[in-house]
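Okay, structure first, notes after.
The values are calculated or read from the model by the stated rules, or taken from the named source; none is laboratory data. All figures in this text were calculated on a predicted structure; none of them were measured in a lab. Note that we place each Cβ from the backbone using ideal geometry, even for glycine, and neighbour counts take in every protein chain shown. Surface areas here come from the heavy atoms of the whole protein model, side chains and all, with no ligands, DNA or RNA. Shrake-Rupley method; radii C 1.70, N 1.55, O 1.52, S 1.80 Å.
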Amino acid sequence: MSIDFGSLREQYGNIPLELEDLGLDPFSAFNKWFSAALDEGVKEPNAMTLATVDDMGRPDARIVLLKELKEKSFVFYTNYSSSKGQQLEQNKYVCLVFNWLQQERQIRIRGEVERQDSTISETYFQSRPRNSQVAAWSSPQSKTIENRQVLEELVSETELLFNDDDLLPLPPTWGGYKVTPYEIEFWQGRSNRLHDRIKYEKVANEWFAKRLAP
Ligand SMILES: Cc1cc2nc3c(=O)[nH]c(=O)nc-3n(C[C@H](O)[C@H](O)[C@H](O)COP(=O)(O)O)c2cc1C
């Protein structure tokens, strides 16, 4: 079967985006758009594409979940020994992309990561369901495994290490990364491909906004 990708064509609505709608602070604007996505029932609105670069300068990307926006940083959790973890240890520059098609919106964030303090990661880890904790202890994320059974055996080994009822401690290779942005762009789909784009840039700790051509 051949799929005619070229004929797929969506006409976007015509909700205008003006700087006045977003305001001068891109973090308040992010919260406003995020709340709208939440209120309108977007599934996993906190799912974002995280783009990284490997040690040969080749881009890589995958979805992770935003778990906190605090002190002007976007926080996600992962395995520090995973492919992304290794890439981030070598190159701290990342891009995050949110895409909420129901609202015809995209937010694009460029910034630098640093590891989150382990005491904060520990607090978050303790708030996770026990099964997620077991998975974090068991999975050698991004490593090759022979088959599914290997993963299930690793889970059984983790279960043997800890008491059934206990919550598990923070694994040594698991925790948060904080992304501190230097650019945040808001994109609103408009009719006839004449979309609106407002981009904020941080210069000497102040945010400046400009409009970009679609
Ligand atoms: C909706 C969704 C949410 C995800 N959330 C996370 C997450 O928060 N942290 C994470 O490490 N992986 C998450 N993943 C899995 C990643 O996309 C990826 O497969 C994994 O982190 C391994 O990536 P890496 O090999 O590039 O390190 C999520 C995947 C999807 C589809």
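The table below gives the values:
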read-out	value
Some residue of region 32-49 being touching a Gly at 6+ places or on another chain (Cβ under 9 Å), within 15 Å of the ligand (Cβ to nearest atom) and either modelled with pLDDT of 95 or more or hydrophobic (A, V, I, L, M, F, W, C) (or both)	no
Close pairs (6 angstrom Cβ cut-off, 6 or more residues apart or separate chains): farther than 14 Å from M56 by Cα in region 85-99, basic (K, R) and assigned to a strand (DSSP E or B) anywhere	C95/R110; V97/R108
Matching residues, region 43-66, being surrounded by 17 or more Cβ atoms within 10 Å (Cβ to Cβ) and not in a strand (DSSP E or B)	P45, N46, L66
Filter result for the condition that a residue is over 30 Å from W174 (Cα atoms), out of contact with any strand residue (DSSP E or B) (no Cβ under 9 Å at 6 or more places or on another chain), at pLDDT 95 or above and away from the ligand (no atom under 11 Å from the Cβ), over D4, D55	D4
Whichever residue in region 60-88 is of a type in the set (G, A, S) and more than 6 Å from the ligand (Cβ to nearest atom) and, among such residues, is farthest from the chain's Cα centre (by Cα)	S81
Of the criteria (1) touching a strand residue (DSSP E or B) at 6+ places or on another chain (Cβ under 8 Å); (2) open to solvent by 90 Å² or more (accessible area, probe 1.4 Å); (3) of a type in the set (S, T, Y), which one Y124 fails	(2)
Qualifying positions in region 102-121 - open to solvent by 40 Å² or more (accessible area, probe 1.4 Å) and either modelled with pLDDT under 95 or touching a Ser or Thr at 6+ places or on another chain (Cβ under 7 Å) (or both)	Q102, E112
Test for E153: is it open to solvent by 40 Å² or more (accessible area, probe 1.4 Å), under 23 Å from A51 (Cβ atoms) and not basic (K, R)	no
Boolean, N205 is out of contact with any helix residue (DSSP H, G or I) (no Cβ under 6 Å at 6 or more places or on another chain), at pLDDT below 95 and over 25 Å from K72 (Cα atoms)	no
